[in-house]
Every structure is written in structure tokens, then in C-alpha cells.
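Below is one structure, written out as C-alpha cells; comments come after it.
The values are calculated or read from the model by the stated rules, or taken from the named source; none is laboratory data. Being a predicted model, the structure only gives us computed values, none of them experimental. A quick note on method: Cβ atoms are made from the backbone with ideal geometry, for glycine too, and the neighbour counts reach across all protein chains shown. For the accessible areas, the whole protein counts, side chains as well, though only heavy atoms, and no ligand, DNA or RNA atoms are used. Shrake-Rupley method; radii C 1.70, N 1.55, O 1.52, S 1.80 Å.
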Amino acid sequence: MVDADQTFVIIGGGLAGAKAAETLRSEGFTGRVILIGDERDHPYERPPLSKGLLTGKADRDSVFTHDAAWYAAHDIELHLGQTVVHLDREARTVRLGDDGTLIQYDKLLIATGSEPRRLDIPGTDLTGVHHLRRLSHAERLRGVLATLGRDNGHLVIAGAGWIGLEIAAAARGYGAEVTVVEAEPTPLHSVLGPELGQLFTDLHAEHGVRFHFGARLTEIVGQDGLVLAARTDDGEEHPAHDVLAAIGAAPRTALAESSGLALVDRAHGGGIAVDGHHRTNDPDVFAAGDVAAVPLHLPGTSLHGQRLRVEHWANALNGGPAAARAMLGRGTPYDRVPYFFSDQYDLGLEYSGWAPPGTYDQVVVRGDAGKRTFIAFWLKDHRVLAGMNVNVWDVTESIQRLIRSGTEVDQHALADPSVPLDSLIA
């Protein structure tokens, strides 16, 4: 069958799906490309939702992956505001929910992303309870933060992960009062461990954010549909006019599960299990972006081959094209080092690798952590698993090369800023 006779369907209107469609065309695919997204907006990038768009430093048009005319110019058929409700792998069809339209495919890419985890407590139906995942959420929340700042209002944030902290920084920029409730003893505990978590406690405390660690929200108290306070499981009550749930995200795997595709259990991060080519257990079905659990390609480390679901921009940016090339039979094993970035107040950082608590035995700091200008490295058996550069730039490629190499490094040389990182690679 020649390209022109084939139909490739992409389910998911985010960055991964848009970049996959772009790659199919740039690789010369001449068949039908159909992109189905459940939002009415064209595909857009999500980092600005908790950064520039939320703070007002970026405008709405800047978030879109391509302008609207690009899709027509590249003959990408869009079904926006549509949900796929059924996948029939035997018939190789997907069915849309609104009108029951059946679409046949030769190859299928699932890039359905993730959705915010919900607070399962009384009061979540009140008007002032928010999540952040979509463009419409960010636009609404920006107005909320501006109002809180103008009226000296209080925002309670459940969760001190990346999203929670970035929103706390944005809220303080508007002048809102902010309290962050977190079950762990430090922010970002499950990502950075206790060694670096205190840095973010201090950063936000200096900007007026209050933390309540070791607690969870148990109730949002309201009256006449409006939020008045948030209660925690240790008996505390925090004044609040609005509450934001930032307690993580869950992969949107319902379609994959109902069609019998292999999944990774939630205890190991969840998601659709794929191989190094983003292929599921069905050779005609692929997955990329937040929803895909992809084997790590980190030779020389204990993490090599372990499936990991990465919920960050770089994974969608690179994973969508990798899956598209695999759909065309031109792929190579995905070997990207996980990467993300964050901006909070005057602190900017980039993180490469993966080293949650329990996987490393040492943290080495190069530079001055007190001045928040440093690189932190997480090591296991003298090998670098991850590195985070804070207000230090143009070192990401060197950090990633160090991680990939699996080289045993001398911790004193690693901590010495005068020793070039690339010189440590065997």
C-alpha cells in the first residue's frame, strides 16, 4: 500500500499530537493525517499556562504550536472539540462521541495526555476551586489571581510540586496571599528529595508564601457557593477565597484500557506501555507524550530499560516526532534524557535525568547553593543519574552527556566549578 492510500489518525490535540502531524508531513507522508482533539482550540503548548500566560508576560496567541492556517496548508484534517469514545483494534476504527462518526486508520497514535487529579473532599463543587491543565483554566485563573491581588485575597494551594510552586509565584506577583498545603516535609520531595526541597521552601518564604507541611486538605468550607476556608487533617483552618488543586496528574488511558492495550500499573507511574519506538502491544497503535510509559535509554545506569512516564514539555516535543517516524517505519529507539525547566521569581532551572528518593545515594553540589547559583547532581555508585542547573546556563548538554556516559566520577572534581564537566566523561 502506498502512502497516498493510507490514513494515519492522531488522538490528542496537544503538543505531542501536533508535532507528530508536522513530522509525518516533513518526512514526506502523502496519505491522510487526521488529528482529533477534545478542546476547541488548536494544539498549544502547556508550559506557558503556569508561567508567562498566567503572569501576563505572554499573550494568548504565543502558546499555539502552529497558527490555524498551517493545518489547512499541510492538509491536516482537524476534528476539534471531539472525543474518541471507542477504539476497535480489530476493525482499526475509532468512533467519535458527538455524532458516532467512524474513522478508519492504518496507523494510530494515542497522545491523549493527562488530567489533573481531583481533590476527593467536601466542598470541591464551590465556585472558587480550580485546576490548571487547559488554556481555558489558565485564562480563568489569571483573572482570579489579579482579583485576589487587588482585594488582598487568599489562595490556598494543595500540593507543592512544580505546578503548585509556579502558581504560588505567579499569585504573589499579583499580590495575593498564598498558603501551600503539602503532605511531604518539603516541596518537590518526590522529585528532588529532602536535600534540595528546602531551597524552594526558603525561596517562596522570602516572597511571602506560607507553607503547611505534613498535612492534607480534608474540607473546603464555603457559603452561598463561595470559598471561605480550607481545613486540613491536623485540625488547622486556613482562610481562603480560592483553592487550587495541584496534586499531580493522571494519564488519560481509558481508551487504551477499554481496547485491551497494555498499561503500566499506577504504582509504577501508570500510562500506556510502549517499546523504544513508542509502539504498544498492537503493532499499528503507538502512544506518545504524557500518556506513554517509555523505556529509559540510560546505558550504564541502574535505570536503563525501566519504563517512565514523563509529564513535561520536552517529552511531548520530542516524543511526538519519534512516534511519527516509527509509524512510518523509519524510527530509531528513543534515547532522550528526561528534561524539564521551571521559572519561579528570579530563579530559573533546568533538570535532566531522573533520580527520585530511593534511587540515589549521594547529592553533590557545584557552585553556591546559598546564592542559588549552582548545579546539583544526584549519584548512585558514583554515577550521575540526574543534574539540575539553577541560574547556571549552557550546561544542559554537558549534564546529559555525563548522565548518558554512565561514567564513575570523582565527587570532588564534580563539585569543583573549575573542572569542565565534559572532562569527567571517560
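The table below gives the values:
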item: Charge context of Gly161, other residues only, Cβ under 12 angstrom, K/R +1, D/E -1; result: -3
item: Added length on full extension, which subtracts the Cα-Cα distance from 0.36 nm per residue, Arg133 to Ser418; result: 98.4 nm
item: Computed FRET value (nearest 0.05) for His207 with Asp67, which takes r as the C-beta separation and R₀ as 56 Å; result: 0.95
item: Length released on extending from Gln411 to Ala262, taking residue separation times 0.36 nm less the Cα-Cα span; result: 49.5 nm
item: Carbon + sulfur, % of accessible area of segment 97-207 - ligands and nucleic acids excluded, 1.4 Å; result: 46
item: Leu96 paired with His304, simple spin-label distance in nm, labels 7 Å along Cα-to-beta-carbon; result: 4.6
item: Contact order relative to length of the chain, as percent, for alpha carbon pairs under 8 angstrom and 6 or more apart; result: 14
item: Sites Gln104 and Arg330, calculated FRET efficiency, Cβ-Cβ separation with R0 22 Å, nearest 0.05; result: 0.45
item: Accessible carbon and sulfur surface of segment 216-294 relative to its total accessible area, %, 1.4 Å; result: 47
item: Extension gain from Thr124 to Thr359, taking 0.36 nm per residue of separation minus the Cα-Cα distance; result: 81.0 nm
item: Surface per residue (accessible, 1.4 Å probe) for the chain, Å²; result: 42
item: Dipole in debye (nearest 20) - the chain, about Cα centre, beta carbon charges: Lys, Arg +1; Asp, Glu -1; result: 440
item: Trypsin sites (Lys or Arg not before Pro), loop per DSSP, at most 13 other Cβ atoms within 10 Å - longest free stretch of the chain; result: 119-329
item: Volume of the Cα convex hull of the chain, divided per residue and given in Å³; result: 148
item: Segment 239-293: translational diffusion in µm²/s, Stokes-Einstein, Kirkwood Rh over Cα pairs, 10 °C, 1.306 mPa s; result: 127
item: Using a Förster distance of 22 Å, the FRET efficiency for Leu80-Arg60 (Cβ separation, nearest 0.05); result: 0.85
item: Alpha carbon centroid spacing (whole Å) that separates segment 137-193 from segment 29-84; result: 26
